[in-house]
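This report refers to the structure that appears directly beneath it.
Values in this text are rule-based calculations from the coordinates and carry no lab data. All values reported here derive from a predicted model rather than from experimental measurement. We place every Cβ from the backbone using ideal geometry, glycine too, and count neighbours over all the protein chains shown.
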Amino acid sequence: MVNKVDHIGIAVSSLEESIKFYQEVLGLELHGTEVVEEQKVKVAFLPIGDTEVELLEATTPDSAIAKFIETKGQGVQHIAFRVDNIEAALDEMRAKGIRLIDEKPRYGAGGARIAFLHPKSTNGVLIELCERK
Ligand code: ZN
């Protein structure tokens, strides 16, 4: 049901500083940035192969990313798996007894439709399901 790793979400204190690392040290290209108001984050996309590094900077102190950095420090925050049909994927998760953070898909950066699974059901990893047109 999942096709590939769509992207890896990394919580950072400063997009500007982290982008420099990915560009200058690893040689990735910045594909763009976007503010996602609903999630209170500014996102930078750096494609690598057929997946992407997604850097996430909090835009408000009550953003999930701000809370993540406060408790765990900067680092990998979530892994996103691509699905063809997110409603069907969520139904399947429900049927398998997986605890969902999002009962319904919501808007994700880059125009994706996304939903998070609760880490309590995934051995501690925040997993995002991601559908792209
Ligand atoms: Zn993501």
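Here are the numbers:
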| quantity | calculated |
| --- | --- |
| Residue list for the stretch 70-99, filter: outside any loop (DSSP other than H, G, I, E, B), more than 22 Å from Glu131 (Cβ to Cβ) and away from the ligand (no atom under 16 Å from the Cβ) | Glu70, Thr71, Lys72 |
| Residue check, Ile69 over 30 Å from Gln23 (Cα atoms), β-branched (Val, Ile, Thr) and buried (at least 18 other Cβ atoms within 10 Å of the Cβ) | no |
